[in-house]
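Down below is the structure, laid out as structure tokens.
The values are calculated or read from the model by the stated rules, or taken from the named source; none is laboratory data. Just so it is clear, the structure is predicted and the values come from calculations on it, not from any experiment. Every residue, glycine as well, gets a Cβ built from its backbone with ideal geometry; the counts of neighbours run over all protein chains shown.
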Amino acid sequence: MCTVIFFAGVYSALTSKAIASTTLTSTTKISPILTSPHALKAFNKLNTQTDIARFRDYNLLAHDRDLLDLVIAIQALREGGYKDELVVRAVDNPEIALESVAKGEAVMSAISEWRLEVARQENKLWLSDAVIRKGEFEYGIYTCGTTMKADDFRQSLSNLVGTSDVRDQTATAVLNSLNVKKKNLSSQPVATVCGGAADFLLMPFPIDTTQTLTMDGHLLTPVHGLKVNAKATRHYLVSRVDSDGRRRFLQLQRGLRKLRVKGRIHQAYRKASVLHPHVENWSLLNP
């Protein structure tokens, strides 16, 4: 079992309450669901204020996609018929969550992942139905220190150098599909574009309706009216190795499909500005 534990809690699907627990041990019978430390801390606070199963104010979760993922996952499990307690545990990052679920050290990760980024472990995982479907998620095109009009950007694209965070495989795949002069991938993409080594940067849109970003002391400005589509899907991960994995997966799937039919998944991600209503009328560079 992963040893990186920041906080652990037991969530009762019967009482809709979180019960503080001590560090999990190898004798713990309920296999944990994984999330990020900040999401679990915020979830336990939220859970003292409301019944998670009835929660609909998804706009309140706009600051934290991991928290939104966790709430939707728990609501789906409830809708899918899961009646037992749920142990929710924090891990340091999504990579640890992926490895832990693939090894059977946890039954599920409630941190949704791009399918491209879990491909190497797919034989050890069940991937849920997509919570973000193909065509729904979009990136902004950002410049630093300059403002470009959409028409000028289109006309200049083949002469421009683009960058994205090398750790974001989905953004990298989008960048690779564009007809740019050069791709300059970086683990510090803001420094790359603001230092002049790239002309633009692909980044998720922020919550702010102006769509501007301030990062590392730099102001990033979007190419207003233009965006790119990720053309990718995000999923929850369930362990094929964990003894409770199959049951949990089937309940999760059943619940997600009920939520999808009710329109709640799209509504949740839209209200929380993961899917950005503010740019829905902007043109796609890669339709």
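Could you go through the range 230-247 and let me know if any residue there is on the phi > 0 side of the Ramachandran plot, buried (at least 16 other Cβ atoms within 10 Å of the Cβ) and either free of Cβ contacts under 8 Å to residues at least 12 places away in the same chain or not charged (D, E, K, R) (or both). Within the range 230-247, none of the residues are on the phi > 0 side of the Ramachandran plot, buried (at least 16 other Cβ atoms within 10 Å of the Cβ) and either free of Cβ contacts under 8 Å to residues at least 12 places away in the same chain or not charged (D, E, K, R) (or both). Within the range 134-147, being surrounded by 16 or more Cβ atoms within 10 Å (Cβ to Cβ) and within 18 Å of the chain's Cα centre (by Cα) holds for Glu136, Phe137, Glu138, Tyr139, Gly140. Residues in the range 150-185 that are among the charged types (D, E, K, R) and modelled with pLDDT of 95 or more: Asp151, Asp152, Arg154.
Any idea which residue in the range 44-65 is farthest from His276 (Cα to Cα), counting only those that are in a loop (DSSP other than H, G, I, E, B) and among the hydroxyl-bearing types (Ser, Thr, Tyr)?
Among those that are in a loop (DSSP other than H, G, I, E, B) and among the hydroxyl-bearing types (Ser, Thr, Tyr), it is Thr48.
Being surrounded by 23 or more Cβ atoms within 10 Å (Cβ to Cβ), hydrophobic (A, V, I, L, M, F, W, C), in a strand (DSSP E or B) and not assigned by TED's automatic domain parsing to the domain that holds Val174 holds for only one residue in Ala110, Ala73, and it is Ala110.
Reported count of residues in the range 115-173, each being among the charged types (D, E, K, R) and free of Cβ contacts under 8 Å to residues at least 60 places away in the same chain, is 8.
Scanning the range 187-217 for residues that are assigned to a strand (DSSP E or B) and at pLDDT 90 or above returns Phe200, Leu201, Leu202, Met203, Pro204.
For the range 223-246, a residue qualifies if it is closer than 16 Å to Ile141 by Cβ and either part of a strand (DSSP E or B) or touching a Gly at 6+ places or on another chain (Cβ under 8 Å) (or both), and the qualifying residues are Val223, His224, Gly225, Leu226, Lys227, Val228, Asn229, Lys231. Only one of the numbered conditions (1) farther than 24 Å from Ala173 by Cα; (2) in the same structural domain as Ala272 (by TED's automatic domain parsing) is violated by Leu98, and that is (1). Considering Leu220, Leu175, the condition of being surrounded by 16 or more Cβ atoms within 10 Å (Cβ to Cβ) and in a helix (DSSP H, G or I) is satisfied by Leu175 alone.
If you take the residues in the range 76-98 that are part of a loop (DSSP other than H, G, I, E, B) and of a type outside the set (Gly, Ala, Ser), which one is surrounded by the most Cβ atoms within 10 Å (Cβ to Cβ)?
In this case the residue turns out to be Val91.
Could we say that Asp66 is crowded, with 18+ Cβ neighbours inside 10 Å and not polar (S, T, N, Q) here? Spell out the reasoning first.
Numbers: crowded, with 18+ Cβ neighbours inside 10 Å: yes; not polar (S, T, N, Q): yes.
Judged against the criteria, Asp66 is a match.
Has the range 150-172 got at least one residue that is within 21 Å of Val279 (Cα to Cα), surrounded by fewer than 20 Cβ atoms within 10 Å (Cβ to Cβ) and aromatic (Phe, Trp, Tyr)? Yes: the range 150-172 contains one or more residues that are within 21 Å of Val279 (Cα to Cα), surrounded by fewer than 20 Cβ atoms within 10 Å (Cβ to Cβ) and aromatic (Phe, Trp, Tyr).
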